[in-house]
């Protein structure tokens with residue numbers, strides 16, 4: 001089986017990158033999209049319905065054949081949470097301003113997000129060493 005890999009920079013200045021399998025299905029949401037939690041979705045920590053909560057997607061991640069979206073909640077949602085919930089999160093050292101859920105828990109409100117930007121790599125000595133690191137990483141993944 002031929003595996004097609006794509007790599008892209010997560011932080012150009014640091015030289016951090018991610019590698020993903022091109023055969024992986026894409027996520028329905030892009031970073032920056034405004035999303036709403038579908039009614040009936042249960043909070044994974046406190047086990048109550050969080051349907052209707054809205055926020056912006058900050059990150060997408062694919063793990064074990066499932067897409068996950070990290071979302072930062074908007075001000076209206078944080079107000080709806082109430083002080084009791086936010087204090088409980090603080091006591092348990094959990095963030096109430098953001099959450100990571102399966103992408104299937106959301107519906108799109110507005111498409112403000114942007115696609116991943118293609119990065120053109122020059123052949124300067126520093127980028128050659130970075131390309132070398134990427135190749136080494138890829139070889140380790142598929143041995």
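The values are calculated or read from the model by the stated rules, or taken from the named source; none is laboratory data. Since this is a predicted model, take the numbers as computed values, not measurements. For neighbour counting, all protein chains shown are included, and Cβ atoms are generated from backbone atoms with ideal geometry for every residue, glycine included.
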Confirm whether residue 70 is surrounded by 10 or more Cβ atoms within 10 Å (Cβ to Cβ), at pLDDT 90 or above and in contact with a helix residue (DSSP H, G or I) (Cβ under 9 Å, 6 or more places away or on another chain). no
I'd like to check something: does the stretch 74-88 contain any residue that is in contact (Cβ under 8 Å) with a residue 12 or more places away in the chain, touching a strand residue (DSSP E or B) at 6+ places or on another chain (Cβ under 6 Å) and in a strand (DSSP E or B)? no
In the stretch 48-62, what residues are under 19 Å from the mean Cα position of the chain (by Cα) and farther than 13 Å from residue 36 by Cα? 58, 59, 60, 61, 62
